Amino acid sequence: MTEAAAEAARVLRELEPSVERLLERHLDAARDWLPHRYVPWGAGRDYDGPLGGTAWAPEQSALPRAVQDALVVNLLTEDNLPSYHFEIATRFGRDGAWGAWVHRWTAEEDRHAAVLRAYVHARRAVDPVALEELRMRHVGTGFRSDLPTPLHSLAYVTVQELATRQAHRNAGAACGDAAGQKLMARIAADENLHMVFYRDLFADALALFPDAAVTALTDVLVDFEMPGATIPGFRARAARIAASGIYNLDVHLEYVVAPLLRALKVATLPGLGPDGERARERLQRHVGQLSAQAARARELFARMNTDGHTDSHTGRSAGRRTDRHTADTAGREQEAQV
Ligand SMILES: [Fe+2]
Ligand SMILES: [Fe+2]
């Protein structure tokens with residue numbers, strides 16, 4: 001066994017009691033739910049092909065363009081679950097408390113793509129042929145994180161679950177469809193509990209291995225990219241999603257990075273050696289850069305707004321902060337707080 005492999009095994013072993021405790025807490029807090037109850041089946045009708053129904057056409061979708069983009073990105077991201085399962089099963093293990101968490105998490109996640117796809121098909125929300133072609137390409141490519149240590153993997157999933165919660169929550173709030181909002185808020189509530197599990201596990205990691213954990217968190221936040229970034233055509237969709245305020249740097253900073261650093265008490269973390277201190281300073285510089293980037297992006301959206309660029313479906317202004325705050329309040333009401 002190499003030194004790195006032995007260290008990885010030690011980290012996982014020392015965190016296992018925390019996994020056991022947090023899994024028990026998760027099982028107490030998680031509310032079971034039935035995906036089929038969230039799909040507006042009555043709105044559906046047969047498609048062309050073997051059933052001889054009606055082919056999809058763009059005017060059939062009542063959802064704003066940016067929400068369509070967000071649904072495609074969020075759904076394809078959920079679709080890659082087999083790759084994520086492989087990643088965490090091989091990194092965290094399939095035995096003991098880690099294995100129990102990995103399998104439970106996979107079972108919960110498996111609902112998300114299935115129910116979102118049923119929703120978009122029933123509502124004719126996006127082109128189902130293009131969606132299926134994208135799914136084949138995206139899942140066919142797979143996802144691998146190539147992160148160097150288990151602490152990096154833990155930091156990544158913590159940030160990713162929180163970012164995903166926010167993406168689902170805000171897409172639901174902006175969709176203008178009560179069924180869609182209920183469904184996406186329900187999925188966001190799952191992602192919230194996943195984030196809470198990983199965040200509190202990471203807090204224990206910071207206490208046990210302060211230097212290595214703060215370095216891992218810094219590395220991950222500095223390079224953070226959503227797993228959906230490899231979706232074909234992601235950049236153009238991400239730009240429209242950002243301009244609509246569903247997910248952009250402001251959201252990332254205000255609802256993901258800042259609350260996480262606050263909850264983990266990174267600024268006042270005791271027991272850091274020189275490596276940990278350097279990582280924390282690097283993280284503080286990164287947050288400063290992120291704020292400056294977010295401010296520039298906000299100016300751009302404001303210019304787009306005064307230039308008269310509005311969403312073609314809703315007439316809504318680009319980048320409105322109020323949408324996001326309304327989404328946050330609505331989403332929080334549905335999420336079990338731990
Ligand atoms: Fe999910
Ligand atoms: Fe999740």
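Each value in this text was obtained by applying a stated rule to the coordinates, not by laboratory testing. Everything quoted here is computed from the prediction, not taken from an experiment. Methodologically, a virtual Cβ is constructed for each residue, glycine included, from the backbone with ideal geometry; neighbour enumeration extends over all protein chains shown.
Once you sort the root eigenvalues of the Cα gyration tensor of region 189-269 as a ≥ b ≥ c, which label holds: rounded (a/c under 1.5), prolate (a/b larger than b/c) or oblate (the other case)? Since a/c reaches 1.5 and a/b is larger than b/c, the shape of region 189-269 is classed as prolate. At full extension, Leu208 and Leu51 could sit 50.6 nm farther apart than now, given 0.36 nm per residue minus the alpha carbon distance. The calculated FRET efficiency for Arg235 paired with Arg282, based on their beta-carbon distance and R0 = 25 Å, is about 0.40.
Counting only alpha carbon atoms, the long axis of helix 178-208 and the longest principal axis of the chain meet at about 10°. In the chain, helical runs assigned H by DSSP with n ≥ 4 each contribute -39500 (n - 2.57); averaged across all residues and rounded to the nearest 500, the mean residue ellipticity at 222 nm is -23000 deg cm²/dmol.
Taking every Cα-Cα distance in the chain and sorting them into 10 Å bins from zero, the calculated P(r) comes out as 5, 25, 33, 24, 10, 3, 0 percent. For the peptides 18-28, 32-42, the ranking by mean Cβ contacts within 10 Å, running from highest to lowest, is 18-28, 32-42. Connecting C-alpha atoms closer than 10 Å in a GNM of the chain, tell me which of Arg262, Arg282, Arg237 has the biggest fluctuation. Looking only at Arg262, Arg282, Arg237, the biggest GNM fluctuation is shown by Arg262.
Between Ala236, Ala97, Ala216, the residue with the greatest mean-square fluctuation in the GNM of the chain (Cα pairs under 10 Å linked by springs) is Ala236. Here the dipole of the chain is about 860 debye; that uses its Cα centre as origin and unit charges on the Cβ of Lys and Arg (positive) and Asp and Glu (negative). A simple count of charges around Arg278, restricted to other residues whose Cβ falls under 14 Å of its Cβ and scoring Lys, Arg +1 and Asp, Glu -1, yields -2.
Using a Gaussian network model of the chain in which every pair of alpha carbons under 10 angstrom is joined by a spring, one finds that among Thr215, Thr306, Thr106 the greatest mean-square fluctuation is at Thr306.
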